[in-house]
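Heads up: the structure comes next, in structure tokens.
Every read-out reported here was derived from the displayed coordinates using simple, explicitly stated rules and does not represent laboratory data. Since the model is a prediction, treat every value here as computed from it, not as a measurement. Methodologically, a virtual Cβ is constructed for each residue, glycine included, from the backbone with ideal geometry; neighbour enumeration extends over all protein chains shown.
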């Protein structure tokens, strides 16, 4: 049987000259003169050792996952800096946006590359200065 299209079922033709109902003569038989054989015993089931290793492998990020996370963190930090820039140009800086930037900078410091450390430190200093202007002094 073959399904053709969206609702029509068509029987596929068999080989010419064969009859499906025809007896071929081969039959299953049991030789009653031979004694029965016992099944071989099975070995004990193996323990699922290595589950810890599988869980550890799942916890490790591959190269693409780490890159995606880094891009997401960078985009979040750039968005926060853009919001702060807009506030600075308007003459009022939101403390919530500065605190968000500090949190994102903390993440950036933990995951930054060697060339970005200085840039992240400069941005963090600027955010701390703006927080100090508001009378907030975050711990280092």
Quiz prompt | Spin-label model distance (nm) - residue 126 vs residue 58, 7 Å beyond Cα toward Cβ | solution = 4.3
Self-check item: Stretch gain in nm, segment residue 26-residue 107, where the contour uses 0.36 nm per residue and the Cα spacing is subtracted
Solution: 21.7 nm
Quiz item: residue 65 to residue 94: extension gain in nm, 0.36 nm per residue of separation minus the Cα-Cα distance?
Solution: 7.2 nm
